Amino acid sequence: MTQSKPICFVGFDTSNYTTSAAVCTAEGQVIANIKSPLPVEAGACGLRQSDAVFAHLKNLPDVCEQLRAVTADYTVAAVGYSAFPRDAKDSYMPCFLAGKTAATSFAAALGVPLYAFSHQNGHIMAAAYASGQMEKLMQGQFIAFHVSGGTTEAVLVTPEDGSIASVTLVGETADLNAGQAIDRIGVAMGLSFPCGRALELLAAGASGKIPKPRVSVKGSVCNLSGLENLALKLYNMTGNKELTAAYTLDFVAATLSQMTENILTEHGRMPVLYAGGVMSNCRIRERLERKFHAYFGAPAFSADNAAGTSLLCRNKFMKGE
């Protein structure tokens, strides 16, 4: 008698800067977290959507080949993908069409169910998984920050049966996203996009007094456009990349800290989870950990990835939907 293979679940995510795929088991263990960054020209601060779609289409054949190798000893039970940025009306980005196409083809070839999720919920699920406190977080409502180049938001998450039932927007930026500000400042100093990691390394070497950030936060809404102006003014005055990097990251940390405090005051004390590419920055994380009992995912699960999407796919399949 031939022993049947264990089942697994596949997720796709095609954000503006990374082609991602992931595989998790029936037990909820992520066994593959595949990423292929999109190329960005030197001196540029990002990609046009048309260029991002084309880059994803070039990356996806190799990503799917890696998936085939990972799933060879499993039976794929269902496929999930990021269909839109977040759970909101008219939330749309063309780059997610590339992932939809790949996921639809992958599922159709295997004859298995296909599920659509939001990119944001995938981020939240991945960070919750990588925090090591998934079960605890899913016992009740919690606040989740999604902080990246494309989003700076806080949502009230309502879990159900170990997954995300709904999210409600409770905080956001009024202008620039945190990742946008970081990348613009880094590129202006001659760094390669994306600039978060380089700024973190520079900030670690900062010496002397770092100017105290004077953040702009009203209630649960922040303004970050001033950060770009202030940081570049500091750089032009001093020529000190280390000092400017430390000031930039401390400004973002102070902004998120004030937003967190205001949101918890308004909605009541509850767990806080930080997700998104910006939250892979150790300097920002350390400053938030000093003030709040918060949860973070490991860097590989904070930056863009499809692990959370594969976990959402697993949960939906297990519920029989």
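All of the numbers you see were taken from the coordinates with simple rules; none came from a lab. Remember, it's a predicted structure, so these values are computed and weren't measured experimentally. Neighbour counts run over all protein chains shown; Cβ positions are idealised from the backbone, glycine included.
Structure notes:
- Evaluation of LEU234 against the conditions (1) free of Cβ contacts under 8 Å to residues at least 40 places away in the same chain; (2) within 21 Å of PHE296 (Cβ to Cβ); (3) part of a helix (DSSP H, G or I) shows that the sole unmet condition is (2).
- Of the helices (runs of 4 or more DSSP H) lying entirely inside the stretch 85-179, the ones with 2 or more residues being within 25 Å of PRO299 (Cβ to Cβ), touching a residue at least 12 places away in the same chain (Cβ under 8 Å) and of a type in the set (Ser, Thr, Tyr) are found at 119-131.
- Output for the stretch 1-57, where each listed residue is of a type in the set (D, E, K, R), out of contact with any helix residue (DSSP H, G or I) (no Cβ under 7 Å at 6 or more places or on another chain) and more than 25 Å from ARG86 (Cα to Cα): GLU27, GLU41
- Answer from SER15, SER20 - the residue that is touching a Lys or Arg at 6+ places or on another chain (Cβ under 8 Å) and closer than 22 Å to ALA116 by Cα: SER20
Residue-by-condition table, conditions (1) at positive phi; (2) in a strand (DSSP E or B):
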{"position": "VAL10", "(1), (2)": "no, yes"}
{"position": "ASN16", "(1), (2)": "no, no"}
{"position": "ALA21", "(1), (2)": "no, yes"}
{"position": "CYS24", "(1), (2)": "no, yes"}
{"position": "GLY28", "(1), (2)": "yes, no"}
{"position": "ALA32", "(1), (2)": "no, yes"}
{"position": "LYS35", "(1), (2)": "no, yes"}
{"position": "ALA42", "(1), (2)": "no, no"}
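- Positions within the stretch 238-258 being within 20 Å of LEU273 (Cβ to Cβ) and of a type in the set (Gly, Ala, Ser), in sequence order: ALA253, ALA254, SER257
- Filter result (over 17 Å from ASN121 (Cα atoms) and among the basic types (Lys, Arg)) within the stretch 274-321: ARG283, ARG285, ARG287, ARG290, LYS291, LYS319
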